[in-house]
Amino acid sequence: MDRYAPLRHRTIALVGLMGVGKSSVGRRLASALNLPFRDTDAEVEAAAGRSISDIFVDLGEDAFREGERRVIARLLDQTPHVLATGGGAFMNEQTRTLIKSKAVSVWLKADLEVLARRVSRKDTRPLLSGKDPIAVLQAQADDRYPVYSQADIVVETGDAAHHVTVEQVINALAAFFAEQTA
């Protein structure tokens, strides 16, 4: 029997701060579980025909979040897959309610110093533009952690390699679904 079969009946939505690995871990998790992978940032860019940075500059964060909410709603109506959400997606009450009703949410959580080091490698993050990454991440953690804590599962990733985090997520999902059916 396929030990992953029970993990494939619901979409798995990854939530967490920027740099935690939602996309890279999500791709590997989808591959391990033989599920499709969707990245809301890429889907929003495709739907809008422009980059997230451009959406933020031209239309503002509120317009981006509304587009993100619509894209997530559409994705959650598809067959089960692994969904990497944007760092702020779970903060939207409507989006969070949708995720809770149609997916299992997994909060990937890592040390802010680890995240600051990771996000400093790229300059594609509009919320960091010209700012101190650790200060931005600390403010986001203060704001978002109480909401992220509503996720079905929390996985502390540390600074582990992605394949280690994938195994942690698979184990946490297996325990979660076993508890649901017990």
Inset, instruction - Could you check which residue among GLN78, GLN150, GLN168 shows the biggest mean-square fluctuation in a GNM of the chain with a 10 Å Cα cutoff? - result: GLN78
Inset, instruction - Quick one: angle between helix 61-76 and the longest Cα principal axis of the chain, in degrees between 0 and 90, rounded to 10, please. - result: 20 degrees
Inset, instruction - Determine one quarter of the surface area of the Cα convex hull of region 1-85, which equals its mean projected area, and express it in nm² to one decimal. - result: 5.8 nm²
Legend entry - Extension reserve of the GLN78-ARG117 stretch, reckoned as 0.36 nm per residue once the Cα distance is removed: 10.6 nm
Legend entry - On Cα atoms only, tilt of 162-181 relative to the major axis of the chain in degrees: 50 degrees
Legend entry - Spacing of the two label points (7 Å from each Cα toward its C-beta) at ASP142 and ALA42, in nm: 3.5 nm
Legend entry - More than 24 angstrom apart: percent of Cα pairs within region 34-139: 28 percent
Legend entry - Amide N of region 48-87 lying under 18 Å from the label point, which is placed 7 angstrom from the Cα of ASN34 along Cα→Cβ: 79-82
Legend entry - Accessible surface of the chain [probe 1.4 Å, protein heavy atoms]: carbon and sulfur percent: 49 percent
Legend entry - Label zone at ASP2, where the point sits 7 Å out along the Cα-to-Cβ direction: region 19-59 residues whose backbone N lies under 15 Å: 30-37
Inset, instruction - Would you mind working out the accessible area per residue for the chain, using a 1.4 Å probe, and quoting it in Å²? - result: 48 Å²
Inset, instruction - Identify which of THR95, THR79, THR157 has the largest mean-square fluctuation in a Gaussian network model of the chain, with springs joining Cα atoms closer than 10 Å. - result: THR79
Legend entry - Lysine pairs meeting the criterion (Cα under 29 Å, 8 or more apart or interchain), as found in region 1-138: 9
Inset, instruction - Report the charge-dipole magnitude of region 57-178 in Debye, nearest 20, computed about the Cα centre from +1 at each Lys and Arg Cβ and -1 at each Asp and Glu Cβ. - result: 260 debye
Legend entry - Loop trypsin sites (Lys or Arg not before Pro), region 18-62 (other Cβ atoms within 10 Å of the site Cβ: 14 or fewer; DSSP): ARG50
Inset, instruction - Once you have the Kirkwood Rh of the chain from its Cα pairs, apply Stokes-Einstein at 4 °C and 1.567 mPa s and quote D in µm²/s. - result: 78 µm²/s
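The values are calculated or read from the model by the stated rules, or taken from the named source; none is laboratory data. Keep in mind that what you see is a predicted model, and the values were worked out from it rather than measured. Note that each Cβ is placed from the backbone with ideal geometry, even for glycine, and that neighbours are counted across all protein chains shown. We work out accessible area using only protein heavy atoms, side chains counted, and drop any ligands, DNA or RNA first. Shrake-Rupley method; radii C 1.70, N 1.55, O 1.52, S 1.80 Å.
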